[in-house]
Each structure stands twice: as C-alpha cells, then as structure tokens.
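The values are calculated or read from the model by the stated rules, or taken from the named source; none is laboratory data. These figures come from a predicted structure and were not determined experimentally. Note that each Cβ is placed from the backbone with ideal geometry, even for glycine, and that neighbours are counted across all protein chains shown. The area values use the complete protein model at the heavy-atom level, side chains included, leaving out ligands, DNA and RNA. Shrake-Rupley method; radii C 1.70, N 1.55, O 1.52, S 1.80 Å.
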Amino acid sequence: MGFDLNSLRVYALGLAHRAVSDISRDYFRQLRNYVDMCAFLCNSDEQKHFFDLAQGLLEKTDNLYYPLIQRTLSTVSEDAICTVGVNLGIDALTCGASELKKNAQNTCQPVHWLTVAPAGDAALDAHVAAGEAHGQYLWILSSPNGATADALKLAAVHPRSDFALILPPEAVTEEAVAHFADIVNVIPMLALSKPEISDAVHAAVQLLQRRKVFYGITAQLDDATMDTAMDSEWLYVLAQHTLFCVYTHPGAAPEKAAQLYKEICVARTTTGSPLLLFDWENDTKNIGRFIHPQAQVEFLTHMQ
C-alpha cells in the first residue's frame, strides 16, 4: 500500500493546489466541476453516496457551503487547505479507512480510526507510527495547560496525519501562531467551557486569522446551555470567529442531545447555519460505522 499511497498523495496534492487556484478564480462553475469529477471517479458505494449528496446541495445556490468555502479560501492558507484536506480525504478516509476495514474483517477485533490523547505523552510518537502502519491518520491532542511544543514536534514528524490540538485560547500567542502557520497539519481547537466568546477567544482568533491558520472551536454543553447552541444570534457571533465548531455534551439529557443532533444535521444540509457544526458524541459514532462496525475512537484522555 505504501507505494500506491505515495503516488496517490502526489497526484492528490497537485490536484488540490490546482483546485484551490481554479475555484478562487472562477468560483461557482469550478467548484461544481470538481465535485462532478470526484463523483465520476469514486469507486465505492459510500463515496458515491457522499458525492451524490454534494451534487444535490450544490444545485441550491443558497446553500451554506458556497459562502463557507469562499470564507475558507480567503482566511486559510493554501498549504493548510491542501495538506489537511489530502491527509483527511486520502490517507484517513480513503486508503486508511480501507486498511482499517480490512484489519477489522481479518481479526474480528476493534480498530481505532481516531485517538484522543494528552499532548505531552512521551509514548505518543511510537503510538502514532504504529497507528499509521495500520491505517490510522487522525489524532486529537489535549493540552489543558496550553503547551504546544510536543504537538507541533509530533506533527512535523508525521506529516501525513492530521492533529487537532485542544487548548485554552489564552495559549494562542504570536509565537505559537507562527509555529501553527509553518506546521499546517496541526489544527488548533480553542476550548470553550460554554457557548460564549470571551475577550481571550476573540484575541486568539485575530492572531490565527492574521496568519491564515486553519483552526476551529470546541464548546462544551450541558442541559442549561444546550438550547443556546443553535440560537441564531449565537451562531452568527460564532461564525464571525470560526469556520467550524465541535459541540460536546457528555452529561446532557439523552432527549436534549438527540434534539441537538437532529438540528445540527438539518443545519448542515440547509442555509440554517452560517458555519459547519459537529456533534462529537454522535458524529464520531457515525463516522466509525461508515468505516466498519468495529471502528472506534480510542481514548487515552478526556476530550477536554
């Protein structure tokens, strides 16, 4: 698989850079052309289903993805868009997912498609290397104290994996942002304890946007704040600060969690939300099922 993956990555990276240039120049037509091309080339039922949905969404000129992609092209560096995209689309969800599925079928044992780990774990380098050898290329690193050096070093050694680094907004300094701009397969995730944009979050976002770093926000919800998550005024403010947000709700009432996920799914297929929203608890389960019933998230630490 190594040689084939190398060749595919070279081709995909070249195509990604060309696509960013083409879509930036001739937006609507080129975007639909590339989606149509991917739909024609895909070779699995899952991929065909995904691109059928994408084609259907792009037929609606008022869908959220046109402005979202425009914002991405204007606020994120081309290297970050292409590197993160190819790592995710080729290594993780195409070649990697195929390898994980094969391993699960052969061993009848659970496989990990994503690992949540402490950023400073000394054993993590070997763990990532072993994961990549079996088809795993997605990692979430938690840094409650705001340290970034270990995660940046790890990502530099493993450029084919994508690493999300959860850290407090106060940890986003000029120096940290300079490193994030250089090592583009690390995605800083600003941790919010509730749906609220503080002065520290606002300041961190300004630094990240200035250097065109690809970043996101993760917000923890409970029963008291669950209703705020899909409030239109909150989403408008949130969209001024990020392209995407991951909600977590580990202790929420099941009925409230189910309603939130339903609303998030609707928002992702309509114009109801000005940014892309994810539900950690439900989306990770569904992505795992997409790969294989035995594909799971590995937790070496808590999400936040």
Could you check, for region 248-257, whether at least one of its residues is of a type outside the set (Asp, Glu) and part of a strand (DSSP E or B)?
yes
Which residues, counting only those in region 69-87, are farther than 25 Å from Trp113 by Cβ and among the hydroxyl-bearing types (Ser, Thr, Tyr)?
Ser74, Thr75, Ser77
Pairs where the first residue, in region 145-171, is under 23 Å from His241 (Cβ atoms) and the second is of a type in the set (Phe, Trp, Tyr), C-beta under 7 Å, 6+ apart:
Ala151/Phe163; Asp162/Tyr137; Phe163/Trp139
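The rows are residues; the columns are (1) touching a strand residue (DSSP E or B) at 6+ places or on another chain (Cβ under 7 Å); (2) at pLDDT below 95.
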{"site": "Glu46", "(1), (2)": "no, yes"}
{"site": "Phe50", "(1), (2)": "no, yes"}
{"site": "Gln55", "(1), (2)": "no, yes"}
{"site": "Asp62", "(1), (2)": "no, yes"}
{"site": "Ser77", "(1), (2)": "no, no"}
{"site": "Asn87", "(1), (2)": "yes, yes"}
{"site": "Cys108", "(1), (2)": "no, yes"}
{"site": "Pro118", "(1), (2)": "yes, no"}
{"site": "Gly131", "(1), (2)": "yes, no"}
In region 203-226, residues that are open to solvent by 40 Å² or more (accessible area, probe 1.4 Å) and touching a residue at least 24 places away in the same chain (Cβ under 8 Å) total 9
If I filter region 83-122 down to residues being of a type in the set (Gly, Ala, Ser) and open to solvent by 60 Å² or more (accessible area, probe 1.4 Å), which single residue comes out as nearest to the chain's Cα centre (by Cα)?
Ser98
Just name the residue that is farthest from the chain's Cα centre (by Cα) out of those in region 241-252 that are more than 26 Å from Asp182 (Cβ to Cβ) and at pLDDT 95 or above.
His249
(1) among the polar types (S, T, N, Q); (2) part of a helix (DSSP H, G or I); (3) closer than 29 Å to Tyr137 by Cα: which one isn't true of Gln296, the others all being true?
(2)
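So, in region 263-304, of the ones that are of a type in the set (Lys, Arg) and modelled with pLDDT under 95, which residue ends up surrounded by the fewest Cβ atoms within 10 Å (Cβ to Cβ)? Reasoning before the result, please.
Here is the first cut: in region 263-304, the ones of a type in the set (Lys, Arg) are 268, 285, 289.
When the remaining residues are screened for being modelled with pLDDT under 95, the result is 268, 289.
On the way: Arg268: 17, Arg289: 11.
Top of the filtered list is Arg289.
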Being within 29 Å of Ser98 (Cβ to Cβ), among the hydrophobic types (A, V, I, L, M, F, W, C) and open to solvent by 10 Å² or more (accessible area, probe 1.4 Å) is the filter here, so list the residues in region 140-165 that pass it.
Ile140, Leu154, Ala156, Val157, Ala164
Which condition does Glu196 not pass, out of (1) open to solvent by 30 Å² or more (accessible area, probe 1.4 Å); (2) part of a helix (DSSP H, G or I); (3) more than 19 Å from Ile81 (Cα to Cα); (4) at pLDDT 95 or above, if it passes all the others?
(2)
Can you name every residue in region 227-258 that is over 19 Å from Thr284 (Cα atoms) and charged (D, E, K, R)?
Asp227, Asp231, Glu233
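Step by step: first the residues of region 90-121, then only those that are in a helix (DSSP H, G or I) and acidic (Asp, Glu), then the one that is nearest to Ile166 (Cα to Cα). Which residue is that?
Here the answer is Asp91.
Across region 228-258, which residue is farthest from Leu190 (Cα to Cα) among those that are among the aromatic types (Phe, Trp, Tyr) and out of contact with any Ser or Thr (no Cβ under 6 Å at 6 or more places or on another chain)?
Tyr236
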What is the residue count in region 122-161 for residues that are out of contact with any Pro (no Cβ under 7 Å at 6 or more places or on another chain), of a type outside the set (S, T, N, Q), over 17 Å from Leu300 (Cβ atoms) and outside any helix (DSSP H, G or I)?
3
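Inspect region 227-237 for any residue being open to solvent by 70 Å² or more (accessible area, probe 1.4 Å), part of a helix (DSSP H, G or I) and within 29 Å of His179 (Cα to Cα) and give the result as yes or no. Break it down stepwise before answering.
So the first thing to find is which residues in region 227-237 are open to solvent by 70 Å² or more (accessible area, probe 1.4 Å), and the list is 227, 232-233, 236.
The next check asks that each one be part of a helix (DSSP H, G or I); those that pass are 227, 232-233, 236.
After this cut, where a residue has to be within 29 Å of His179 (Cα to Cα) as well, the list is none.
Checking region 227-237: not a single residue is open to solvent by 70 Å² or more (accessible area, probe 1.4 Å), part of a helix (DSSP H, G or I) and within 29 Å of His179 (Cα to Cα).
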